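See structure below.
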Amino acid sequence: MKSITINGLQRESVGKTSTKALRNAGQVPCVVYGGDKPLHFSAPELAFSKLVYTPDAHTVVIALDNGETYNAVMQDIQFHPVTDRILHIDFYQIFENKEITMEIPVKTVGTSRGVLNGGNLRVPYRKLRVKAIPSKLPEFIEIDITPLKIGSKFYISQLKNDDYKLLHPDNVVVCQVRRSRLAVVDVEDEDEEVDAENTEETTTDAAATEASQE
């Protein structure tokens, strides 16, 4: 997984007055949890653009003015209800030998047979909760939708991976192709149905012949 470096200033004063002064100066007050004690720091709002305004998942290297660095992941963020400016960010410190949980984006690739025939691709889960040590966390979870026909579903159980654990039940549908009014019959599906019908008729005729001979 890619990492983004945030250069910040450690802060000792955490009261409302100092926090307001930071925001007025274009700084975002932040806290890092997960270590021996909470770490308070601030950084320019623009420094978080590549972390916040992106669908991708990233880990973070927090580089402070005193030379110390911390590896972390973003845990929570607060925006102003009117201006949408970043008001506060919580981070969680990560360690290489300790598992963490993150929401990882789902990326679909390929062109579904069902979509080509007029079906609608539905992806109810744009992100999935994943648990792993930091070095094993994927940047995204890729799903090849090429074989999906109208009515087909792709389940969590089909995404099993030795590097990380998906924190969802196996029967959760990650994506599916649903029928629409504009959908047409898939030629291959129609052929499969005809073959099935022919097989059934052949079986029935054979049974009738055997019965008459008896």
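The values are calculated or read from the model by the stated rules, or taken from the named source; none is laboratory data. Treat the numbers as computed from the prediction; the structure is a model and nothing was measured. A quick note on method: Cβ atoms are made from the backbone with ideal geometry, for glycine too, and the neighbour counts reach across all protein chains shown. Ligands, DNA and RNA are excluded from the accessible area calculation, which covers all protein heavy atoms including side chains. Shrake-Rupley method; radii C 1.70, N 1.55, O 1.52, S 1.80 Å.
Count, please, the residues in the stretch 106-118 that happen to be part of a strand (DSSP E or B), surrounded by 15 or more Cβ atoms within 10 Å (Cβ to Cβ) and aliphatic (A, V, I, L, M).
Within the stretch 106-118, residues that are part of a strand (DSSP E or B), surrounded by 15 or more Cβ atoms within 10 Å (Cβ to Cβ) and aliphatic (A, V, I, L, M) number 1.
Only one of ASN66, ASN71 is in contact (Cβ under 8 Å) with a residue 60 or more places away in the chain and open to solvent by 70 Å² or more (accessible area, probe 1.4 Å). Can you tell me which?
ASN71
Please find, within the stretch 30-59, the residue that is nearest to ASN71 (Cα to Cα) out of those that are part of a strand (DSSP E or B) and in contact (Cβ under 8 Å) with a residue 60 or more places away in the chain.
THR59
Report yes if some residue within the stretch 87-105 is over 20 Å from TYR33 (Cα atoms), part of a strand (DSSP E or B) and in contact with a Leu (Cβ under 6 Å, 6 or more places away or on another chain); otherwise report no.
yes
Out of (1) in the same structural domain as SER152 (by the TED database); (2) over 23 Å from the mean Cα position of the chain (by Cα), what's the single condition that is false for ASN66?
It fails just one condition, (1).
Taking LEU121 as the residue in question, decide whether it is modelled with pLDDT under 95, open to solvent by less than 80 Å² (accessible area, probe 1.4 Å) and either out of contact with any Phe, Trp or Tyr (no Cβ under 9 Å at 6 or more places or on another chain) or among the hydrophobic types (A, V, I, L, M, F, W, C) (or both).
It is true that LEU121 is modelled with pLDDT under 95, open to solvent by less than 80 Å² (accessible area, probe 1.4 Å) and either out of contact with any Phe, Trp or Tyr (no Cβ under 9 Å at 6 or more places or on another chain) or among the hydrophobic types (A, V, I, L, M, F, W, C) (or both).
Going residue by residue through the stretch 6-20, is there one that turns out to be at pLDDT 95 or above and within 26 Å of the chain's Cα centre (by Cα)?
Yes: the stretch 6-20 contains one or more residues that are at pLDDT 95 or above and within 26 Å of the chain's Cα centre (by Cα).
Quick check: anything in the stretch 128-147 more than 30 Å from VAL52 (Cα to Cα), assigned to a loop (DSSP other than H, G, I, E, B) and open to solvent by 20 Å² or more (accessible area, probe 1.4 Å)? Walk me through how you get there before you give the answer.
Kept after step one, since they are more than 30 Å from VAL52 (Cα to Cα), are these residues of the stretch 128-147: 146-147.
Checking which are assigned to a loop (DSSP other than H, G, I, E, B) leaves us with 146-147.
Those left that are additionally open to solvent by 20 Å² or more (accessible area, probe 1.4 Å): 146-147.
For the stretch 128-147, residues more than 30 Å from VAL52 (Cα to Cα), assigned to a loop (DSSP other than H, G, I, E, B) and open to solvent by 20 Å² or more (accessible area, probe 1.4 Å): present.
Answer with yes or no whether VAL177 is in a strand (DSSP E or B), surrounded by 13 or more Cβ atoms within 10 Å (Cβ to Cβ) and in contact (Cβ under 8 Å) with a residue 60 or more places away in the chain.
So VAL177 fits the description; yes.
Output the residues belonging to the stretch 1-39 that are farther than 28 Å from THR101 by Cα and open to solvent by 90 Å² or more (accessible area, probe 1.4 Å).
Across the stretch 1-39, the qualifying residues are GLU12, LYS16, THR17, LYS20, ASN24.
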